[in-house]
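The values are calculated or read from the model by the stated rules, or taken from the named source; none is laboratory data. Predicted model, so just to flag it, every value in this text is computed and none were measured. Ideal geometry is used to build each Cβ from the backbone, glycine not excepted, and the neighbour counts take in all protein chains shown. For the accessible areas, the whole protein counts, side chains as well, though only heavy atoms, and no ligand, DNA or RNA atoms are used. Shrake-Rupley method; radii C 1.70, N 1.55, O 1.52, S 1.80 Å.
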Amino acid sequence: VNLDFIRGHAKGILEASPISYLKAAHPKGMLFQENCNNGVVSSVFTEFYVDHAEPLAVLEQYKLKGQWCLGELLDGHEFLAIFP
């Protein structure tokens, strides 16, 4: 995952989205915010409050192996991954 690519393209991609809640969303996390210390690297606040317990339990296995770079997932947020 190229974090510099995500940082450089997230805002423009979100603004160009035809999906209204994405168009209005702001990227969150260490890639986009100074002094971000909540463990988030790349996410977007979608206001979708869903139960992430099961996928986060699986994700924990990747974190333990050092194979996860997008950080934590806060309530109402979704991970933001953009690939070239």
**Item:** Residues that are farther than 15 Å from His77 by Cα and among the aliphatic types (A, V, I, L, M), drawn from segment 32-61
**Value:** Ala57, Val58, Leu59
**Asked** Limited to segment 39-52, what total is found for residues that are of a type outside the set (Val, Ile, Thr) and over 9 Å from Gly71 (Cα atoms)?
**Response** 6
**Message:** I need a count of the residues in segment 35-47 that are touching a residue at least 24 places away in the same chain (Cβ under 8 Å) and open to solvent by 90 Å² or more (accessible area, probe 1.4 Å).
**Reply:** 1
**Prompt:** Of the residues that sit in segment 1-19 and are free of Cβ contacts under 8 Å to residues at least 40 places away in the same chain and assigned to a loop (DSSP other than H, G, I, E, B), which one is surrounded by the fewest Cβ atoms within 10 Å (Cβ to Cβ)?
**Reply:** Pro18
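Residue-wise test of (1) under 23 Å from Asp4 (Cα atoms); (2) assigned to a helix (DSSP H, G or I).
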| residue | (1), (2) |
| --- | --- |
| Tyr21 | no, yes |
| Asn35 | yes, no |
| Val44 | yes, no |
| Phe48 | no, no |
| Pro55 | no, yes |
| Lys63 | yes, yes |
| Gln67 | yes, no |
| Leu74 | yes, no |
| Ile82 | yes, no |
**Request:** Could you list all residues from segment 65-84 that are of a type in the set (A, V, I, L, M, F, W, C) and open to solvent by less than 70 Å² (accessible area, probe 1.4 Å)?
**Result:** Cys69, Leu70, Leu73, Leu74, Phe79, Leu80, Ala81, Ile82
